[in-house]
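Enquirer: Have a look at this one.
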Amino acid sequence: MRRGRRRPGGNARTKVRCKKIALCLAAVVCAAGLFKLMLLSLPYFSAAAEKAAVWSAALTMPEGGAKLLTETVTARADEEEDTPEDETASQPDVSSTAPVSSGQGQVSSQTSSAASSSVSSAASQPKPKNAGTIVRKTYTASASNIYLPLPGGAFVKNVTKLAASKVKTAMAQKPAFKIEKNDKPQVLIMHTHTTESYEPVTRDWYDKSYNSRTTDNSKNMVRVGDEIEKQLKAAGIGVIHDKTQHDYPSYTGSYDRSAVTVKNILKKNPSIKVVLDVHRDAIQSSNGVRTAPVAKIGEKNAAQVMIISGCDDGTMNYPNYLKNLSFACALQSQMETDYKGLTRPLLFDYRKYNQNLTTGSILLEMGSNSNSLEEAVYAGELVGKSLVKVLQGLQN
């Protein structure tokens, strides 16, 4: 029998191969770590810094890394954003006006730090040379196949494939729950994107280096939720306001984390019938102009409010979506009846946002990142007062 001969230098070549494999594995591990670190910090970068971070990380990854990283970031944005940018402005049957705000033109300073937002006096920061433009609009609508009218002058924007007749039937139904007259909590206020924030003062420009987020709860969505909570407590309605920052330090997975929070609170407090996920919108056109939706209520401007009520396309395990819509419409109609112009059309779309957890779960967009904090807080007060009326009408 003929035996194969051992080739000279075989051990050396094997060692070289092993070293190459080890180096490749180390590169993959390092790239994965860098990739994860980059994703954790993406929500807090400015637009330019975010792009630089993406490509810097991609250059250190194995072949195809740039494509993978870009696709992942794009998918994250598509999955997590509340509404498309400038979503209402593109609709031809939505009109707008620009009320005058007494505070317009004031200046304040902001920092783009992920951990804090520093606001100083109006005179401390001149308008940056690269400042973007803010316009102020009051969004309205007129009845059409898409915009379905509600009592009080409010509208539902139906962008689903459901027949208008079916949607209108749900719009006319009373909410599917009753509120108890006791000390138990009936309402949960929470925030999936807690660190969303506003302009520090009302003005017609924005600083492009500021990413409109802060972990300072006196300046983010918690502050707006506090105002809604205050109105409910004053009326004797039990409320829990959860202030967990589900989008910090990582924006990705915010809805998964907020779902855990809501489920745990509902398990401990089965008396809760209403869950308000309080956000703010971001409306920006392709030329960089941002819109602050406002309505003059009394002597002050309030940030306009948009309710989002989700619809199941058959893939979301969200069978009771029409019951949620009934509650959303009751609040929408009450707000517009109480405060003309306060609401933007209620968005009824194929979305979920954990609204399958109760039949009284809705998402509230309290203005946009171009509104001032004062306008948003005032809107919170008005939403709270109208919500009290709706819930008092549902008491046993």
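The values are calculated or read from the model by the stated rules, or taken from the named source; none is laboratory data. Keep in mind it's a predicted model, so treat the numbers as computed, not measured. Because the Cβ atoms are built from the backbone with ideal geometry, glycine has one as well, and the counts that use them run over all protein chains shown. Note: areas computed on protein heavy atoms with side chains; ligands, DNA, RNA excluded. Shrake-Rupley method; radii C 1.70, N 1.55, O 1.52, S 1.80 Å.
Enquirer: Can you name every residue in the range 150-193 that is open to solvent by less than 10 Å² (accessible area, probe 1.4 Å), within 30 Å of Asn396 (Cβ to Cβ) and in a loop (DSSP other than H, G, I, E, B)?
Expert: Selection gives Ala154, Gln186, His191.
Enquirer: Follow-up. Give the number of residues within the range 337-373 that are within 25 Å of Arg257 (Cα to Cα), outside any loop (DSSP other than H, G, I, E, B) and either β-branched (Val, Ile, Thr) or open to solvent by 10 Å² or more (accessible area, probe 1.4 Å) (or both). Break it down into steps so the answer makes sense when it comes.
Expert: Restricting attention to the range 337-373, the residues satisfying the condition of being within 25 Å of Arg257 (Cα to Cα) are 347-369.
If we keep only those that are outside any loop (DSSP other than H, G, I, E, B) too, we end up with 347-349, 355-357, 361-368.
Within this subset, residues satisfying the condition of being either β-branched (Val, Ile, Thr) or open to solvent by 10 Å² or more (accessible area, probe 1.4 Å) (or both) are 349, 356-357, 362.
Qualifying residue count, the range 337-373: 4.
Enquirer: Could you list, ordered by first residue, the pairs with Cβ atoms under 8 Å in which the first is in the range 215-236 and at pLDDT 95 or above and the second is open to solvent by 50 Å² or more (accessible area, probe 1.4 Å) and in a helix (DSSP H, G or I), at least 6 apart or interchain?
Expert: Cβ pairs passing all conditions: Asn217/Arg223; Gln231/Lys385; Ala235/Gln392.
Enquirer: Listed residues Ala376, Ala295, Ala302, Ala282; which is among the aliphatic types (A, V, I, L, M), closer than 20 Å to Arg203 by Cα and surrounded by fewer than 24 Cβ atoms within 10 Å (Cβ to Cβ)? Give the derivation first.
Expert: Values: Ala376 fails: surrounded by fewer than 24 Cβ atoms within 10 Å (Cβ to Cβ); Ala295 fails: surrounded by fewer than 24 Cβ atoms within 10 Å (Cβ to Cβ); Ala302 fails: surrounded by fewer than 24 Cβ atoms within 10 Å (Cβ to Cβ).
Unique residue meeting the criteria: Ala282.
Enquirer: Identify the single condition in (1) among the charged types (D, E, K, R); (2) surrounded by 23 or more Cβ atoms within 10 Å (Cβ to Cβ); (3) farther than 12 Å from Ile189 by Cβ that Asp277 does not satisfy, given that it satisfies every other one.
Expert: Failed condition: (3).
Enquirer: Right, something else. Pairs please, first residue from the range 302-318 and more than 30 Å from Gly341 (Cβ to Cβ), second anywhere and open to solvent by less than 10 Å² (accessible area, probe 1.4 Å) and of a type in the set (A, V, I, L, M, F, W, C), Cβ atoms under 9 Å, 6+ apart in sequence or on different chains.
Expert: The qualifying pairs are Tyr318/Cys311.
Enquirer: Can you name the residue in the range 241-256 that is closer than 15 Å to Asn217 by Cα and under 13 Å from the mean Cα position of the chain (by Cα) and, of all such residues, is most open to solvent (accessible area, probe 1.4 Å)? Quick ask: steps written out before the conclusion?
Expert: Pass one, the range 241-256, residues closer than 15 Å to Asn217 by Cα: 241-249.
Imposing the further condition that a residue be under 13 Å from the mean Cα position of the chain (by Cα) reduces the set to 245-247.
Numbers: Gln245: 46, His246: 5, Asp247: 0 Å².
The qualifying residue most open to solvent (accessible area, probe 1.4 Å) is Gln245.
Enquirer: Does Ala259 meet the test of being small (Gly, Ala, Ser), within 24 Å of Lys323 (Cα to Cα), within 17 Å of the chain's Cα centre (by Cα) and buried (at least 16 other Cβ atoms within 10 Å of the Cβ)? Show your work before the answer.
Expert: Working: small (Gly, Ala, Ser): yes; within 24 Å of Lys323 (Cα to Cα): yes; within 17 Å of the chain's Cα centre (by Cα): yes; buried (at least 16 other Cβ atoms within 10 Å of the Cβ): yes.
Answer is yes for this residue.
Enquirer: In the range 306-348, which residues are aliphatic (A, V, I, L, M) and over 14 Å from Val156 (Cβ atoms)?
Expert: Initial filter on the range 306-348 (aliphatic (A, V, I, L, M)): 306-308, 316, 322, 325, 328, 330-331, 335, 342, 346-347.
Answer for the range 306-348, where residues must be aliphatic (A, V, I, L, M) and over 14 Å from Val156 (Cβ atoms): Met316, Leu342.
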